[in-house]
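Accompanying notes for the structure given below.
Any read-out appearing in this document is the output of simple, stated calculations on the displayed coordinates, not a laboratory observation. Note that the coordinates shown come from a computational prediction; the quantities given were computed from them, not determined experimentally. Ideal geometry is used to build each Cβ from the backbone, glycine not excepted, and the neighbour counts take in all protein chains shown.
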Amino acid sequence: MSVIVEAEDAALVIKVLQGGRVLGYVVIDSTINGHSYGGLRMLPDVDEAQLRAAARTMTLKYSFVGRAHGGAKAGVRGDPQAPEALRMDRLGLFGQAIAPLLQQKIYVPYEDIGTDHRAIRHMLKRAGVRVKGHVLCGSSSGYYTAMSVKTCAAQAMRHLGKKLSESSVAIEGFGKVGAPLAGLMAETGARVVAISTSRGAIYAPQGLDTRRLIKLAQQTGSRVVDEYEEAERIDQAALFELPVDLLCPCALGHSLNTGNARQVVAGIICPGANNPITPEAESILFQRGVLVVPDFVANCGGALGAPMHVALVDPEGIIAFMDRHIGGRLAMILAEADQRGVMPKQVAEAMALRRLARLQQTARHPAFSRRLFWAALALYGRGLLPGRVIKPLALGFFEKALAEDAE
């Protein structure tokens, strides 16, 4: 086992080799007080460029929602469908190789594509890191990510003078984000007409039964497209060309590229995945008049909703919070982008980077109220403070944190 550390484009890249072959990478794009956060994925073709882009997105996402976290991303090469013992062994070896990063919290991982909280806990244990109960909170992150995608989709529709409740939706990827997103879309009255998994895609112009789809996916995983028989089976690539109002890429990066951007029919793209659109494809879509919601804005819900959930904010409060703050900020971004004649991502990135600079500065000397709240939340996580002390303070804390970091 060997570890190679390189600096490239202001990012720190840690490459782990096993027997001369790449086992995995950690990419640290930014730090705040020496710490960075980001998901750890397992895929057969994990590569450095992919992770650098994803780590940058994490920097922008955390900054956008006012969280004092640096951005990072990590990946282990392996088959996420392999037997559990093999997957856990690869993750354990990777954790041992990057143990100093994990022990000092230079990199703090959480679940991502191909991993779950049990896998992350196992890796941390092999690296000699004790995990407290509140640190890994299961799969709620995917639900809250889906929630922010829905919020941003509704705002994008309003921007164009349309209603989400009257729209048709295609969702690429039916996993941790795509499945709950389908349910949330259906609750608004939107018609989910197509979904895809790694095994293919299905299409029903009249609409899919999302409740049945979600139940089937829980039972069969990616084979849900095989089991749902009341829909037309189509190629994965054809999903991007369907005559829908809204397209939500919730799978892997760069699924929209120069090869298919000109065939997109949807008027709005609202991503649940990080980096689903190449920069070249985004330019093509912009020139064609397709409204693309910046990925780190649309899918920021996990970075915001998960800690609110841990802090005992009820789901209704989180929904209302996202509608006010995330939906409201997107409205400003879209209005400024229209006024300047630029892509929304240009406006959102500039906003996030300005906030990053402020967060890095204020994190050195955080306000007493902020330090007190996080200390109290840590005590609650260890069972040393009752939840009734935290809950009344939580929503006000997040409101204040966003107001302090706003422009």
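For the reader, a short list of remarks on this structure follows.
- Shape box of the stretch 366-405 [Cα atoms, principal axes, largest first, Å]: 30, 19, 11
- Taking the fewest neighbouring Cβ atoms within 10 Å as the starting point, the ordered list for 292, 129 is 129, 292.
- If R0 is taken as 41 Å, the Cβ-Cβ distance between residue 353 and residue 17 corresponds to a FRET efficiency of 0.80.
- Distance-filtered residues of the stretch 200-218 - backbone nitrogen under 20 Å, label point 7 angstrom along residue 188 Cα→Cβ: 204-214
- Residue 198-residue 283 FRET efficiency (beta carbon distance; Förster radius 25 Å; 0.05 resolution): 0.35
- Of the trypsin sites (Lys or Arg not before Pro) found in the stretch 306-407, those in coil by DSSP whose Cβ has at most 11 other Cβ atoms within 10 Å are 364, 382.
- Within the chain, DSSP assigns beta bridges of which about 50% are antiparallel (rounded to the nearest 5).
- Remark on the stretch 141-353: Rg and Dmax equal 16.1, 48 Å (Cα only).
- Remark: 248, 300 ranked as 300, 248, counting other beta-carbon atoms within 10 Å and listing the fewest first.
- Label-to-label distance, residue 3 versus residue 361, with points set 7 angstrom from Cα along the beta-carbon direction: 3.4 nm.
- Shown here for the stretch 197-264: GluC sites (Glu not before Pro) in loop regions (DSSP other than H, G, I, E, B) with at most 11 other Cβ atoms within 10 Å, namely 229, 230.
- Size of the chain as Cα extents on the principal axes (Å, biggest first): 52, 49, 42
- Between residue 89 and residue 158, the distance separating the two model label sites (each 7 Å from Cα on the Cα→Cβ line) works out to 5.4 nm.
- If you take the Cα centroid of the stretch 291-343 and the Cα centroid of the stretch 224-262, the two points sit 24 Å apart.
- Taking all pairs of distinct alpha-carbon atoms in the stretch 1-143, Kirkwood radius in angstrom: 14.9
- Counting only lysines at least 8 places from residue 73 when in the same chain, those with an alpha carbon closer than 22 Å to its own are 15, 61, 105, 125, 132, 176, 345.
- Stretch gain in nm, segment residue 105-residue 209, where the contour uses 0.36 nm per residue and the Cα spacing is subtracted: 33.1 nm
- The 3J(HN,Hα) values that the Karplus relation (6.51, -1.76, 1.60; θ = phi - 60°) gives for the stretch 74-82 are, in residue order, 9, x, 10, 6, x, 8, x, 9, 5 Hz. Gly and Pro appear as x.
- Rounded to the nearest 500, the helix-only mean residue ellipticity at 222 nm of the chain stands at -15000 deg cm²/dmol, with each DSSP H run of n ≥ 4 adding -39,500 (n - 2.57).
- Footprinting exposure proxy ranking of 321, 64, fewest other C-beta atoms within 10 angstrom first, gives 321, 64.
- Of 395, 60, 86, the one that fluctuates the most in a GNM where the chain has Cα springs shorter than 10 Å: 86
- Loop trypsin sites (Lys or Arg not before Pro), the stretch 76-185 (other Cβ atoms within 10 Å of the site Cβ: 15 or fewer; DSSP): 105, 130, 132, 163
- Taking the stretch 30-179 and dividing mean pair separation by its residue count, relative contact order in percent (alpha carbons under 8 Å, at least six apart): 23
- Approximate spin-label separation residue 116-residue 220, in nm, with each point projected 7 Å along Cα-to-Cβ: 1.9
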